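For reference, the structure is listed below as structure tokens.
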There are 2 protein chains.
Amino acid sequence: MLRNGGVESPSPRPRIHQTHPHDTPVFQSTVSQRNLRRFNYTILIFRLTSFCFSLSAAVFMFTINTTAASDSPRWYNFGAFRFIVAANAIVAFYSLFEIVASAWEIYRGFTLFPECSQVWFDFGHDQVFAYLLLSAGSAGTELVRQLREVATCTDNNAFCIQSDIALALGYACFLSLLISSLLSGFRVVCFIIKGSRFLL
Amino acid sequence: MLRNGGVESPSPRPRIHQTHPHDTPVFQSTVSQRNLRRFNYTILIFRLTSFCFSLSAAVFMFTINTTAASDSPRWYNFGAFRFIVAANAIVAFYSLFEIVASAWEIYRGFTLFPECSQVWFDFGHDQVFAYLLLSAGSAGTELVRQLREVATCTDNNAFCIQSDIALALGYACFLSLLISSLLSGFRVVCFIIKGSRFLL
């Protein structure tokens, strides 16, 4: 009998899985396996885009002052910009972990954590981090609006353009995390209904 | 046979409900009815708190300058404060509608819209408006932080205190909408599993 998150199974693509601890194992069709693989590839793509966008946003904001004069404003002087760097760095780490987990599931055929923990972990973190990124993005947008009013942007336009780009990358990452969250929400529903992550 | 959102049923508390258009009607136990009523009362309470918090936040922000001197700053001069008033007013209207829908369901025993539309409508709008409120709250918080730095708050402290209170009320409304969204998400899962909003 195969277990998710365990090391007992040497087979990379299980055909039999356990629905509930007290149920007997049921046969899993090849069509269902293929659908699950396709679904996992879709999730993996959105994890990859989240990772790229969040890493670029953090790096863009981080390297904003490398060529500027010594009297120009620094990104770490503004609370909202520090929030953006922190939020995007956290999401980049999380996305990297999720990429490993997705690739593991596609390659080995079972989840990294036990199945129940894995689906709830993914969905919960997607939701929380989507809220975190949106909050950071909104605060940053308001700060940039204020900077434009107090003439910081006319003195040092490169600073404002770079922060605009970092904000846009952060919003793109939010969108991609939102779609991941819908997909992982669907997996949770499948898990609740069937007792396994295999699709309806 | 009873239909939700229709006018065909004169009975206030149906014992029989239709699971799917092509299914035969199934018997609904009294326990399940009672659980549903308790669940609906819980949702109604969170709708009421959402309505109170969002209305207070909008009104607080709206009446911020009624007693101030003519040279003091006005809330409508700041984009983020206009965003907060708009977001909280929209959520107040939505919550009022949802209070009516919940009360209707508790009193009449069936939903205002057809059941499938109702559960998806509730969940979708809860999610979108939670994101909207969080975004408005974050932008407003950043603006208030900026105002404290440029000495607007030392000149006119009442302005900043009132906007702090409006922000706090907005965040409280966000939390209450978040819980409503979890509850309506649970209803969606029940609907997907059983083809009806009656609990698992």
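Scanning region A:169-183 for residues that are buried (at least 24 other Cβ atoms within 10 Å of the Cβ) and either out of contact with any Phe, Trp or Tyr (no Cβ under 8 Å at 6 or more places or on another chain) or within 14 Å of another protein chain (Cβ to nearest Cβ) (or both) yields A:170, A:174, A:177.
A quick yes/no check of all residues on (1) buried (at least 23 other Cβ atoms within 10 Å of the Cβ); (2) away from chain A (no Cβ under 14 Å); (3) farther than 14 Å from residue A:139 by Cβ:
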| position | (1), (2), (3) |
| --- | --- |
| B:131 | no, no, yes |
| B:152 | no, no, yes |
| B:155 | no, yes, yes |
| B:164 | no, yes, yes |
| B:167 | yes, no, no |
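Anything in region B:184-200 that is more than 10 Å from every other protein chain (Cβ to nearest Cβ) and touching a Cys at 6+ places or on another chain (Cβ under 8 Å)? List them, or say none. Once the filter is applied, which keeps residues that are more than 10 Å from every other protein chain (Cβ to nearest Cβ) and touching a Cys at 6+ places or on another chain (Cβ under 8 Å), region B:184-200 yields B:191, B:196, B:197, B:198, B:199. Do the conditions hold for residue A:144, that is, is it within 14 Å of the chain's Cα centre (by Cα), among the β-branched types (Val, Ile, Thr) and closer than 24 Å to residue A:55 by Cβ? The answer is no for residue A:144.
Going through (1) closer than 17 Å to residue B:56 by Cα; (2) in contact with a Leu (Cβ under 7 Å, 6 or more places away or on another chain) one by one, residue B:95 falls short only on (2).
Each reported figure results from applying straightforward, stated rules to the coordinates on display, with no laboratory input. For clarity, every value in this text was computed on a predicted model and none was experimentally measured. We place every Cβ from the backbone using ideal geometry, glycine too, and count neighbours over all the protein chains shown.
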